[in-house]
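The values are calculated or read from the model by the stated rules, or taken from the named source; none is laboratory data. Note that the coordinates shown come from a computational prediction; the quantities given were computed from them, not determined experimentally. All Cβ positions, even for glycine, are placed from backbone atoms using ideal geometry, and neighbour counts span all protein chains on display. With ligands, DNA and RNA removed, areas are computed over all heavy atoms of the protein, side chains included. Shrake-Rupley method; radii C 1.70, N 1.55, O 1.52, S 1.80 Å.
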Amino acid sequence: MIKINNLSKSFSHSKVLHDINLTIDTGETISIIGPSGSGKSTLLRCMNLLEIPDEGSINIDDVEITDPNTDMRLIRENIGMVFQQFNLFENKNVLENVIYGLLKVKKMEKVEAEEIGKNLLIRVGLGEKINSMPQNLSGGQKQRVAIARALAMEPSILLFDEPTSALDPEMVKEVLDVMKDLDHKGYTIIVVTHEMGFAKNVSDHIVFMVEGKIAEYATPEEFFSSPKTERAREFLDKMLNK
Amino acid sequence: MNKESKNGLIKALKIIITLILIVLFLYFLLYKFYVRYPNHVINIILAARYTIIISIASAFFGLLLGTIIALNKSSKIKLLRTIANFYTDLFRGTPVILQLSIIYFVVFGAFDVNLLIVAITSFSLNSAAYISEIMRAGIQNVDKGQIEAAKAMGVRERDIATDIVIPQAIRKTLPPLINELATLIKESSVVYIIGVSDLMYVTDRVTAGTFLYFEPLLIAGICYYVLVKITTILGKYVEVKLSYDKNK
Ligand SMILES: Nc1ncnc2c1ncn2[C@@H]1O[C@H](COP(=O)(O)OP(=O)(O)OP(=O)(O)O)[C@@H](O)[C@H]1O
Ligand SMILES: [Mg+2]
């Protein structure tokens, strides 16, 4: 369970997150949606301490990760993250990318790590590409490698920050399919997304953010059929009619 | 024979013919000198080994030290940043010949050390300053997203530096680093002032002994040119080898 209490975060002088409270149950899939600049990425990045909140706390299964004395690396090991720009290691091939964390963080033997890496790459449909360099892959393939890299660490939480926003439309599906496959596998999944179809069909709850606040928290059925706020109605109109 | 190999052959032939012409031309120019002083010619050419040793060793140690300095330039600790920047300023802001003299007469003044070691120390310290700037730019250009991805997995800062940042920085900085090696080959000629018998020193001796200037200087010039050319060709080769676009 992830429990976020009274979380606030500012950059220089502008307050980006205002007093956020949110509880996410273990095994849930959550979609965070909202207009650009509303603080979605910042909230997500607070959860693995890529951003350090100014106020409030985040607890993961009774461990307060925002406590300055906690070991950030131990916490991050348990949280996989997938970025909009893939962020694959350009000097490593596909398999090396996937097993890097196993070798360096989990100190696993290379043979064992490679076995795991190959299986994961087969699972995301890239068994043929284990020796390719990231530069020679399409965007969709890169993102699937990035997902395999996150899964390799066997995290219990997965964070996705707009995983399909940098992709050509024809590649969005292959990545979403891999993500859908992760639902109901025990992972707690938090996705910042503009894919309304995914948010509607896969997530257990929708977090709708506006100007650094959670404007709505609802099930997809509630949110998409009868949004409570004017902002949500406007947002949905824009997203669904484009 | 297909078109490609034919083109390749023509290219190779052109190069060979050009080389033969150059050799013939130089032979004609230097023939008389060689007949009179065969040993001098050989000595000048052999002296290039010191130039090579000094440049390569200095580039190597300069790269190690320069990388460390570059990492300190982005350190969280202000004192380390200040020291690293001051070091660079100091060595880039003073003439090499002065640095060499200070290291020879002052630093090593009281000890009886091998002159080669003095020369290598001096040029390593000097090139470290330049290389640290090259590496700093390279490190800054490594995509922040990759560093973040590694952090997000719980990788230690030190591992991120050695596995992700430095290898990519080296690849991006290879052209300017090769350039630095070429500079070292040329600039190391000042070691003749402390008496290391490198290319320039031996050439100087020959001109003094024979009262001939043109031929010895021409030979030295050819040696320097060939060394620098080999360096740049090797650089190109390594660059292609290191490029990630090729599948390993
Ligand atoms: N490192 C930073 N330094 C300064 N300001 C930042 C930083 N990161 C984000 N911001 C600002 O914080 C605000 C929220 O940014 P955030 O990236 O969280 O929004 P977002 O909802 O993810 O938007 P988008 O949909 O465009 O990705 C924006 O105004 C942004 O400019
Ligand atoms: Mg964002």
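Miscellaneous remarks
- Cα gyration tensor category, rounded, prolate or oblate, for segment A:23-89 with a/c compared to 1.5: rounded
- For the protein assembly as shown, a simple Cβ point-charge model (Lys and Arg +1, Asp and Glu -1, everything else neutral) yields a dipole of about 2300 debye relative to the Cα centre.
- Cα-based shape type of segment B:29-247, given that a ≥ b ≥ c are square roots of the gyration tensor eigenvalues and the cut on a/c is 1.5: oblate
- Computed about its Cα centre, the charge dipole of segment B:29-247 is approximately 320 debye, with only Lys, Arg, Asp and Glu carrying charge at their Cβ.
- Each Lys or Arg adds one and each Asp or Glu takes one away; over the other residues whose Cβ falls under 15 Å from the Cβ of A:ASN5, this sums to -4.
- Residues whose placed amide H lies under 5 Å from that of A:GLY56, excluding near-sequence neighbours: A:SER8
- Other residues with beta-carbon under 15 Å from the beta-carbon of A:GLU115 carry, at +1 per Lys or Arg and -1 per Asp or Glu, a net charge of -1.
- Heavy-atom accessible surface of chain B: percent carbon and sulfur, 1.4 Å: 69 percent
- For segment B:53-67, 3J(HN,Hα) per residue [Karplus equation, 6.51 cos²θ - 1.76 cosθ + 1.60, θ = phi - 60°, Hz, x = Gly/Pro]: 4, 4, 5, 5, 4, 5, 5, 4, 5, x, 5, 4, 5, x, 5
- Cross-link table A:LYS142/B:LYS144; B:LYS186/B:LYS241; A:LYS110/A:LYS180; A:LYS9/A:LYS142; A:LYS40/A:LYS129; A:LYS104/B:LYS144, entries beyond 24 Å C-alpha to C-alpha: B:LYS186/B:LYS241; A:LYS110/A:LYS180; A:LYS9/A:LYS142; A:LYS40/A:LYS129
- Farthest toward the positive end of the dipole of chain A, out of A:MET47, A:MET153, A:PHE224, is the Cα of A:MET153, where the dipole comes from beta carbon charges about the Cα centre.
- Helices in chain B, meaning DSSP H runs of at least 4 residues, each add -39500 (n - 2.57). Divided by all residues, the mean residue ellipticity at 222 nm is -27000 deg cm²/dmol.
- Relative to one another, the C-alpha centroids of segment B:1-43 and segment A:37-70 are positioned 69 Å apart.
- Loop chymotrypsin sites (Phe, Trp or Tyr not before Pro), segment A:65-171 (other Cβ atoms within 10 Å of the site Cβ: 13 or fewer; DSSP): none
- Bridges between two residues of the protein assembly as shown, per DSSP, are antiparallel at a rate of about 55%.
- By the helix-only formula, in which each DSSP H run with n ≥ 4 contributes -39500 (n - 2.57) and the sum is divided by residues, chain A has a 222 nm mean residue ellipticity of -11000 deg cm²/dmol.
- Rolling a 1.4 Å probe over the protein heavy atoms gives segment A:76-218 an accessible area of 39 Å² per residue.
- For the chain pair A and B, the interface hides roughly 2200 square angstrom of accessible area in total, found with a 1.4 Å probe.
- Phi to ³J(HN,Hα) by Karplus 6.51 cos²θ - 1.76 cosθ + 1.60 over segment B:146-160, Hz, x for Gly, Pro: 5, 5, 5, 4, 5, 4, 5, 8, x, 6, 6, 3, 5, 5, 4
- Computed packing ranks the peptides B:205-213, B:130-138 as B:130-138, B:205-213, most packed first, by mean other Cβ atoms within 10 Å.
- Cα gyration tensor, the protein assembly as shown - rounded (a/c under 1.5), prolate or oblate: prolate
- Based on Cα contacts under 8 Å between residues 6+ apart, chain A shows a relative contact order of 26 percent.
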